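Let me begin by presenting the structure, written as structure tokens, before commenting on it.
None of the figures in this text is laboratory data; all of them are computed from the coordinates on show. Given the structure is predicted, the values throughout are model-derived calculations rather than measurements. Glycine also receives a Cβ, built like all others from the backbone with ideal geometry; neighbour counts cover every protein chain displayed.
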There are 2 protein chains.
Amino acid sequence: MTDTGLTLRERKKLRTRRALVEEALRLFTERGFGEATLDEVVAAVEVSQRTFFRYFSSKEDVALAPEKELWAAYVAEMERLPPPAEGSPWPRFEEVLFTAVAGMADGWERRFLVSRALCDRTPALVAHSLRHCAEVTDRVVALAGRRSRGDELRIRLTLELMLAAWRWAVHQWSAEAAASAAAHGGADREALYARMREAFAALPGVVALVTERG
Amino acid sequence: MTDTGLTLRERKKLRTRRALVEEALRLFTERGFGEATLDEVVAAVEVSQRTFFRYFSSKEDVALAPEKELWAAYVAEMERLPPPAEGSPWPRFEEVLFTAVAGMADGWERRFLVSRALCDRTPALVAHSLRHCAEVTDRVVALAGRRSRGDELRIRLTLELMLAAWRWAVHQWSAEAAASAAAHGGADREALYARMREAFAALPGVVALVTERG
DNA sequence: CGATCATATGCCGGTGACTGACATTTGTCG
DNA sequence: CGACAAATGTCAGTCACCGGCATATGATCG
């Protein structure tokens, strides 16, 4: 699981990148995203500002690193998915999401949770988070549309519906973790799964509200 | 329809605000959102930068003014909606959106279209647009949740589904307008309605993809 | 009509995110 | 070890944005 088979250079880069994320999350959480300055972050990691911007495209970018990691895994999973049987409904977006979460490295849930907490009190982060999610959506729709031609709209709507459920699940999970933070560590991947199942279970119920039109 | 009944001060303020939006949209479109500078905008309107920031909270804010206008109308419409009959499904989010669009001032569709075109080639604007949409979602869910207690998740999912359809409709409309821009003016509210109907008609079809689970 | 007051605006200086150009260090590999 | 490439640092500059304070300009009332 560790960085075996990597050249020294690559190991160093990985270390720097991780240190930047770690320190950024710590400082942003301690002093607030808007208050903490980038200079403080790079000073803590002993790296120049210029270097920071070679790793991350913006201050927001580093704060959302855990989230981007997840979506990268999600898209990767999507891309190497075998074509589904003809006529069967297109990929279960939700299942792929479970897979992606399950595949994340150890300790990811902690960083992700911190990032989410930050997001909840920082409008600028919400904006960037949603945009990235939208970009992922576009890519996945393009992928899916390649198979089921002419169905892009339905596919997009289905995916966005699932993503809305995902966001709700994460939000609940985050709130729950914050509440029980005093008790134990708080970040629990199983708890996230539970929330996801709960949210996805509500999807068919949406049908009722959509179709019941008097 | 004009600004009758307004004090001179208020009329002046309205003029300045409109001029700022108009000039901003023009300059951003001409030279690009990232390239055009705020100084150019305020110079064109002959206003100080400080004044600009008393009207708009950011560079992005002014570029998305038409969209914010619409969502403000949407929320306002929602707030003064009579409580629906007991047991009936909660508000038709889509119908309220039609109403809101219909209620916009003359020439709004032109500004909105320009703003959308800008959005399509400016990631920073996408981010802000999505965030604002999310904030509106939160407010509406809070409103709706007040009546149908315990159903917040289903309401939220339904609303977000509708919003996804709305975004698709707008995107199609924008593309269509861009294509036919050479021919005539391009901005046509009826065409937008058509796209909205088309998108909303696809909503029940999403059900199929969600419930068909093998 | 003019005095007075509230509000809108302008000016100034500062901060902090981000960038391009160029010099310097540091792994890599023959 | 020596040459090459990749990573990092330095520096100066741009631009969005904000607080504080002075100024101007409608509103209001005697």
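A few notes on this one:
- Applying Stokes-Einstein at 20 °C and 1.002 mPa s to the Kirkwood radius of segment A:1-63, computed over alpha-carbon pairs, gives a translational diffusion coefficient of 176 µm² s⁻¹.
- Degrees, to the nearest 10: B:152-179 long Cα axis against longest axis of chain B: 50
- Number of partner chain Cβ atoms within 10 Å, mean per residue of A:195-201: 1
- Residues whose amide H lies under 5 Å from that of residue B:81, counting only those 5 or more places away or on a different chain, are absent; hydrogens are built 1.01 Å from N in the peptide plane.
- Prolate/oblate/rounded call for the protein assembly as shown, Cα gyration tensor, a/c under 1.5 rounded: oblate
- Shortest first, residue A:138 label-point distances to identical copies amount to 2.5 nm, with the label point at 7 Å from Cα along Cα→Cβ.
- Rounded to the nearest 10 degrees, the inclination of helix A:65-79 to the longest alpha-carbon principal axis of chain A is 40 degrees.
- Helix A:108-120 and the longest principal axis of the Cα set of chain A meet at an angle near 90°.
- Alpha-carbon centroid distance for the pair segment B:159-176 / segment A:1-63, whole angstrom: 37
- Size of segment B:66-213: Rg and Dmax of its alpha carbons, in Å, are 16.1, 52.
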